[in-house]
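First comes the structure, then the notes that go with it.
The values are calculated or read from the model by the stated rules, or taken from the named source; none is laboratory data. The shown structure was predicted, so the numbers you read here are calculated from the model rather than taken from an experiment. Areas reflect the complete protein model, heavy atoms only, side chains present, ligands, DNA and RNA absent. Shrake-Rupley method; radii C 1.70, N 1.55, O 1.52, S 1.80 Å.
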Amino acid sequence: MSSGDKIIASIKQESEERIAQITAEADKIYKETVEKAEKQAQEIRHNGEHRIQLQSEKMLAAYKSREELEKRNLLLKTKRTEIKKAVEHIYQHMLNLPQKDYFDLVLKLAAAMDKKSGTVFFNSKDLKRMPDDMSKRFKKCGIDAVISDKPNDAIDSGFILVNGDIEENMSFLSIINDKREEIEDLIGRELFKD
């Protein structure tokens, strides 16, 4: 082999060794880059899945919370409706009591006013059906009053006691409105016992 061939062979061998070295380094860099990219992709995927899971859990919790709130609101609305119906039923029952029971209730209301005096007004319906001894019965209850023979049809039921400028409204509707909160609490406890 001539010296030129030897130089070429030597250059060729060095080139092949360098190519092999560069190829090995490139393969190593490629493998490291691929591993790094796979790790990053896996981290991104894991973080993304974790974020999606957290977001899903938050959304689910929000939906559950909203659902519970809607259930509570519906339950409250239903309770209010049922309580309102019960109060109306009580009022209608009081209005439609038989004559004796109706006026016994009126006298119980009068007894609660102990030691009052004045003029008692009824509506025209109640004046017509009132027992003859109603004045005496008022006095027995502690009310010193005259029953007016002029009806006051602004009164739905019960009576109004007037003494000068002082007017005491003992109509059933007025009493129910005055005691509405207590009545509704009582009805609510009875209707919705746990």
Whole-Hz ³J(HN,Hα) from phi, Karplus 6.51 cos²θ - 1.76 cosθ + 1.60, for region 83-89, glycine and proline x: 5, 4, 4, 5, 4, 4, 5
How large, in percent, is the carbon and sulfur part of the accessible surface of the chain at a probe radius of 1.4 Å? 54
Determine the per residue accessible area of region 46-194 with all protein chains present and a 1.4 angstrom probe, expressed in square angstrom. 71
Fraction in percent of alpha-carbon pairs per bin - 10 Å, the chain: 7, 19, 14, 9, 7, 6, 6, 5, 5, 5, 5, 4, 4, 3, 2, 0
Quick one: how many Å² of VAL120 are accessible to a 1.4 Å probe, rounded to 10? 0
Cross-link list LYS108/LYS179; LYS100/LYS136; LYS85/LYS108; LYS58/LYS79; LYS108/LYS140; LYS100/LYS128: which exceed 20 angstrom alpha carbon to alpha carbon? LYS85/LYS108; LYS58/LYS79
